[in-house]
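For reference, the structure is listed below as structure tokens.
The values are calculated or read from the model by the stated rules, or taken from the named source; none is laboratory data. Note that this is a predicted model, so its numbers are computed, not measured. Cβ: placed from backbone, ideal geometry, glycine included. Neighbour counts: every protein chain shown.
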Amino acid sequence: MTDHYYSKNPQSKKIPVELTCMLKGNEFRLLASAGVFSKNNIDFGTRTLIDAFRLPNADGNVLDLGCGYGAIGLAMAKAYPDRFITMADVNERAVELAKENAARNNVVNVDIYQSDGFKQVPSKKFAAILTNPPIRAGKQVIYKWFEESANYLAKDGELWIVVQKKQGAPSMKTFLSGIFREVETVTHEKGYHIFRAKHVKD
């Protein structure tokens with residue numbers, strides 16, 4: 001089977017890569033590796049999502065779905081220390097790196113799980129769900145995430161997504177509009193669109 005960043009158990013050799021970066025006003029030293037998404041730098045889409053996000057006026061904590069080695073979730077944990085951040089990824093190596101990165105950056109308000117989508121995510125209501133979804137896994141996978149997210153959002157909770165126009169942003173926005181009453185393009189830069197979806201339809 002081809003080895004992808006959304007593989008459960010990557011077979012590529014683990015070679016650590018250390019990244020130093022500023023995320024939401026805080027400096028991080030992160031470890032990445034072959035076999036995980038964007039191992040050489042924090043990709044532009046992830047940075048754009050982190051910069052654009054604002055915590056909604058909703059009760060509950062935050063979920064980083066498809067967390068990779070932890071950039072989004074750890075950035076949110078530092079930016080919002082009074083909230084707890086749940087992080088989840090199907091990739092065993094990514095989860096190991098995310099846990100190590102939490103420890104090396106002294107981030108304690110996180111829980112990190114290996115989970116195929118929502119399968120192992122604790123059943124709770126989140127104020128926000130953020131995701132840079134694994135587009136290469138296919139629409140069937142990521143659209144299921146969007147459908148299931150409706151069951152995990154608190155009242156007035158929001159789903160935040162980054163996607164490139166060339167990777168189907170217009171059709172994704174249409175799909176989200178079938179689930180949520182409001183779907184807004186918060187920003188778009190260099191072909192990357194940030195969507196905020198809220199108010200689940202009955």
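What to note about this one:
- Taking (1) assigned to a helix (DSSP H, G or I); (2) farther than 16 Å from G68 by Cβ; (3) among the acidic types (D, E) in turn, D82 satisfies each apart from (1).
- Scope the stretch 19-40; condition at pLDDT below 95 and either surrounded by fewer than 14 Cβ atoms within 10 Å (Cβ to Cβ) or within 14 Å of the chain's Cα centre (by Cα) (or both); matching residues: V36, F37, S38, N40
- Matching entry among A154, A103, A88 (being buried (at least 17 other Cβ atoms within 10 Å of the Cβ) and modelled with pLDDT of 95 or more): A88
- All of A128, A137 fail the test of being closer than 18 Å to G66 by Cβ, modelled with pLDDT under 95 and surrounded by 16 or more Cβ atoms within 10 Å (Cβ to Cβ), apart from A137.
- Pairs where the first residue, in the stretch 99-116, is part of a loop (DSSP other than H, G, I, E, B) and the second is buried (at least 16 other Cβ atoms within 10 Å of the Cβ) and among the β-branched types (V, I, T), C-beta under 7 Å, 6+ apart: N109/I85; S115/V90; S115/V121; D116/V90
- Across the stretch 175-200, the qualifying residues are those that are farther than 17 Å from L55 by Cβ and of a type in the set (A, V, I, L, M, F, W, C), and the one among them that is surrounded by the fewest Cβ atoms within 10 Å (Cβ to Cβ) is V200.
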